[in-house]
1. Which one of the conditions (1) within 18 Å of the chain's Cα centre (by Cα); (2) assigned by TED's automatic domain parsing to the domain that holds residue 165; (3) hydrophobic (A, V, I, L, M, F, W, C) does residue 217 fail to meet, given that it meets all the rest?
2. Residue check: is residue 126 among the acidic types (Asp, Glu), in a strand (DSSP E or B) and either in contact with a strand residue (DSSP E or B) (Cβ under 7 Å, 6 or more places away or on another chain) or surrounded by fewer than 19 Cβ atoms within 10 Å (Cβ to Cβ) (or both)?
3. State the number of residues belonging to the range 273-288 that are outside any loop (DSSP other than H, G, I, E, B), more than 8 Å from the ligand (Cβ to nearest atom) and either touching a Gly at 6+ places or on another chain (Cβ under 7 Å) or under 20 Å from residue 86 (Cβ atoms) (or both).
4. Looking only at the range 231-245, which residues are in a strand (DSSP E or B) and either outside the structural domain of residue 173 (by TED's automatic domain parsing) or under 30 Å from residue 114 (Cα atoms) (or both)?
5. Quick test for you: out of 167, 163, 143, pick the one residue that is within 16 Å of the ligand (Cβ to nearest atom), farther than 22 Å from residue 245 by Cβ and aromatic (Phe, Trp, Tyr).
6. Step by step: first the residues of the range 37-49, then only those that are within 11 Å of the ligand (Cβ to nearest atom) and at pLDDT 90 or above, then the one that is nearest to residue 73 (Cα to Cα). Which residue is that?
7. From the list 297, 306, which one is more than 19 Å from residue 88 (Cβ to Cβ), more than 16 Å from the ligand (Cβ to nearest atom), assigned to a helix (DSSP H, G or I) and free of Cβ contacts under 8 Å to residues at least 40 places away in the same chain?
8. Please go through the range 184-209 and give me each residue that is within 11 Å of the ligand (Cβ to nearest atom) and touching a helix residue (DSSP H, G or I) at 6+ places or on another chain (Cβ under 6 Å), ordered by number.
Amino acid sequence: MSETVYDVVIIGGGPAGQTAGLYCSRARLNTLLIERMILGGQVMITTDVENYPGFPGGITGPELMERFQTHCQEFGLQVTNGDVQTIIDEGNIKRLKVDDKEILARAVIIATGAEPRKLGIAGEKELTGRGVSYCATCDGAFFRNVPVAINGGGDTAVEEAMFLSRFASKVYLIHRRDQLRAVSLLQERLQANDKIEVIWNSTVQSCEGDNSGLTHLILENTLTKKQSKLETQGLFVAVGVTPKTQFLEGVVELDDSGYIITDTQCQTSVPGIFAAGDVRQSVLKQIATAVGDGATAASVVEKYLAENE
Ligand code: NAP
């Protein structure tokens, strides 16, 4: 019996992967999307999405992803669960090692996205799940009427601080500089929220706890180098993301931060392997840009397959 060779295998089921899946299935390509956990990617842990066009008033992340999934099903996209270990390039065939089996494809679209960056400080790992969290949407409600801290100064940190202020008695936003990176609209909302206090020019040096979990943080002022103690049972880390490309070392060209380098057509350094969404080196990482990438990658794959019959 001959092995199935898919026209295209998409790795990752966030907005980029699902959009690529929708376009490829609609183009009648034999398409398989491989997802490690659940479809939706980082959007699944986003409370409100208010800058994705077509949804005035906003939509929750999980609701938006459910719509993406329903839309993909309309075109018969095949989805399977699996953890891709590596991709072996054999020219017109790409051999994917997925758990303990192999999947063959003529073209691959990598859309594995990114995951929250760790601080890499003492106590962080040990107290993860016991006070230290990377997802306010998931864990925020555990911190009712107690003070919590959030570390970071980007859009995620500010959005999560606002979300946490619904539950917590007080939210300390710890930022390493004296200026936030988040967009102005979010900064305005932050200023108007009297439950949030920004601790400027400060980094978290360590997470301290006991058997019950996190008890306090040691902060350091970046200007004076003075250390202080902040009592809190919750630390939300929102210091950016790192691309999920560990399995691609030596497969496609990556930049110094681990993002996949592509041309404007989402083509990686290997012909027939494409990348879309947050995993790709790009200037903007939004749902809208991930969707654009997914559509671009799919249409370029269609041309690539036609030229490499
Ligand atoms: P980000 O924009 O990269 O911001 C990371 C923040 O963490 C920065 O303020 C950075 O400080 C700080 N930081 C980084 N490493 C640190 C460390 N080791 N210790 C302390 N602080 C550290 O990350 P993000 O907020 O997760 O956003 C990621 C992308 O998603 C962005 O492109 C963002 O625009 C997008 N996003 C968009 C929305 C939206 O449109 N609604 C929502 C969420 C995220 P510095 O400022 O000093 O560098």
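1. The failed condition is (1).
2. The answer is no for residue 126.
3. Final tally of qualifying residues: 6.
4. 235, 236, 237, 241, 242, 243, listed by residue number.
5. 163
6. 43
7. Only one candidate passes the filter, namely 306.
8. Result: 186, single match.
The values are calculated or read from the model by the stated rules, or taken from the named source; none is laboratory data. Quick caveat, the model's predicted, so the values are computed rather than measured. A quick note on method: Cβ atoms are made from the backbone with ideal geometry, for glycine too, and the neighbour counts reach across all protein chains shown.
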